[in-house]
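The values are calculated or read from the model by the stated rules, or taken from the named source; none is laboratory data. All figures in this text were calculated on a predicted structure; none of them were measured in a lab. With ideal geometry, Cβ positions are generated from the backbone for all residues, glycine too; neighbour counts draw on all protein chains shown.
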Amino acid sequence: MSAGKLEAELCKWRAAGRRPLLWWRDDDAVAVTPELERLAQITGNANVDVLLAVIPAHVDGGLAEYLAQQDHLKPCLHGWSHENHAPAGEKKCELGHHRELDVVLDEIAAGRQRLSDLFGSGFVPVLVPPWNRMRKDLAARLCEAGIRAFSTFSHKRSHPEIQVNTHVDVMNWKAAGGAAGKATDQVLDELAAALGTSRANGGYPVGVLTHHLVHDEAAWSSLSCLLAYAELEWVPFEEALGHQPRTTS
């Protein structure tokens, strides 16, 4: 395995007297599954917090009891039902312009209430839009639905005071035969590129995105490799939110 690009990027951080920060988001949680237990084990052993995006319309009540024993897994809101409302030919989107804004806000508020009732004080009032997409006018009104921050997938941040994004996805969603985990070398190269962008724009935490339910052994292997890097410091979502980088173009 070659990690030359990542090592070169880490060398630049060392030369600047800085340490790169990472944070972790995992999407599509609905129930306690062997895959979720595996995620909990590897991140718990590494003492890494995970922002766990839960789908409120499909969540199983048993998830609350399980997460109460896994305090490093922090449940947040993943839309309402992860349902696509975009017409054929457009990118999938649940929280887009295809419905009235008030309808979208009502769904978010209902989802927040359901997860708040289920997880109590463990619930994090953060929105992760399904497919990492939402209408542009939604962010400014999220507070009306009891949401204080959101997370998508991009180095661009239109609302940096409430937006913390992910940047490296361990899955290849367009692989032949369906979604497949990226090879470790590819994940490390993508992390190196993301860290380079971060370094050039204030040094914000780089977000790693996972989807435990669809991971194959390639995805798990890549994550194990990331966790083995002592120079990478993993921070919780709250700390990532506290960083205010320059918005990249």
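Conditions first: (1) hydrophobic (A, V, I, L, M, F, W, C); (2) in contact (Cβ under 8 Å) with a residue 60 or more places away in the chain; (3) assigned to a loop (DSSP other than H, G, I, E, B); (4) more than 30 Å from A64 (Cβ to Cβ). I147 passes all but one, so which condition is the exception? Condition not satisfied by I147: (4). If only residues of region 1-36 that are assigned to a loop (DSSP other than H, G, I, E, B) and of a type in the set (G, A, S) are counted, the one that is nearest to the chain's Cα centre (by Cα) is A31. For first residues located in region 214-229 and under 21 Å from E7 (Cα atoms) and assigned to a helix (DSSP H, G or I), partners that are modelled with pLDDT of 95 or more and hydrophobic (A, V, I, L, M, F, W, C) and lie 6+ apart or on another chain with Cβ distances below 6 Å form the pairs A219/V170; S222/V170; S222/V187; L227/A46.
Residues of region 174-192 that are in a loop (DSSP other than H, G, I, E, B), hydrophobic (A, V, I, L, M, F, W, C) and modelled with pLDDT of 95 or more: A183 alone. Checked against (1) surrounded by fewer than 18 Cβ atoms within 10 Å (Cβ to Cβ); (2) among the hydroxyl-bearing types (S, T, Y); (3) closer than 19 Å to D169 by Cα, Y66 passes all but condition (3).
Yes or no, residue by residue, for (1) outside any helix (DSSP H, G or I); (2) closer than 25 Å to A145 by Cα:
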site	(1), (2)
T43	no, no
N47	yes, no
A64	no, yes
Q69	yes, no
P75	yes, yes
N84	yes, yes
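Within region 41-51, the set of residues being in contact with a Leu (Cβ under 6 Å, 6 or more places away or on another chain) and surrounded by fewer than 22 Cβ atoms within 10 Å (Cβ to Cβ) comprises A46 only. Taking (1) touching a Ser or Thr at 6+ places or on another chain (Cβ under 6 Å); (2) over 20 Å from V30 (Cα atoms) in turn, N132 satisfies each apart from (2). K156 meets all of the listed conditions (1) at positive phi; (2) surrounded by fewer than 16 Cβ atoms within 10 Å (Cβ to Cβ) but one, namely (1). Search region 12-35 for residues being among the aliphatic types (A, V, I, L, M) and surrounded by 22 or more Cβ atoms within 10 Å (Cβ to Cβ), and hand back the single one that is farthest from L227 (Cα to Cα). Here the residue is A29.
Within region 116-131, one or more residues are in contact with an Asp or Glu (Cβ under 6 Å, 6 or more places away or on another chain) and part of a helix (DSSP H, G or I). Condition test on P129, is it within 27 Å of L21 (Cα to Cα), surrounded by 20 or more Cβ atoms within 10 Å (Cβ to Cβ) and either in contact (Cβ under 8 Å) with a residue 40 or more places away in the chain or touching a helix residue (DSSP H, G or I) at 6+ places or on another chain (Cβ under 8 Å) (or both)? Against the criterion (within 27 Å of L21 (Cα to Cα), surrounded by 20 or more Cβ atoms within 10 Å (Cβ to Cβ) and either in contact (Cβ under 8 Å) with a residue 40 or more places away in the chain or touching a helix residue (DSSP H, G or I) at 6+ places or on another chain (Cβ under 8 Å) (or both)), P129 qualifies.
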